[in-house]
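Engineer: Attaching a single structure in structure tokens format; questions to follow.
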């Protein structure tokens, strides 16, 4: 039976105090790297809807086709247009955060070069940025950019 003083059940209060102490101890022993905290990202479907609602209506063209790249690009990726000699254009869009890539072809039945847009939607901030283009996009992704990437055992094929 719990001791009741001034309307407070002391044994129940002690139980809550013990639970709180255990919880605090568990939290203090858990290290959370700041890299592992992921912000809520704009989904693939929501990104497409934002482009349809915010970018497509601003385009003054009788026909167009908008494509969405199926994978989210990592922060640090650069997107530029291809050029006929196999190179890339000097202008590029840099992914500040994880981003969705869209290619908006403003003359879908024409052969290249013709007006097009390369568009990124930042999956963290929702910011939309575009680059006028005449060719399809090329993605340049940084790889093995930090020590964790270089120490990932699933990528190491040989070490001495």
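Engineer: For the range 112-140, name all the residues that are farther than 13 Å from residue 92 by Cα, surrounded by fewer than 18 Cβ atoms within 10 Å (Cβ to Cβ) and within 22 Å of the chain's Cα centre (by Cα).
Structural biologist: Passing the criteria: 124, 125, 126, 127, 128.
Engineer: Can we say residue 108 is surrounded by 15 or more Cβ atoms within 10 Å (Cβ to Cβ), within 19 Å of residue 64 (Cα to Cα), out of contact with any helix residue (DSSP H, G or I) (no Cβ under 9 Å at 6 or more places or on another chain) and modelled with pLDDT of 90 or more?
Structural biologist: Answer is no for this residue.
Engineer: In this structure, is residue 60 modelled with pLDDT of 95 or more and either under 22 Å from residue 140 (Cα atoms) or part of a loop (DSSP other than H, G, I, E, B) (or both)?
Structural biologist: no
The values are calculated or read from the model by the stated rules, or taken from the named source; none is laboratory data. Predicted model, so just to flag it, every value in this text is computed and none were measured. Ideal geometry is used to build each Cβ from the backbone, glycine not excepted, and the neighbour counts take in all protein chains shown.
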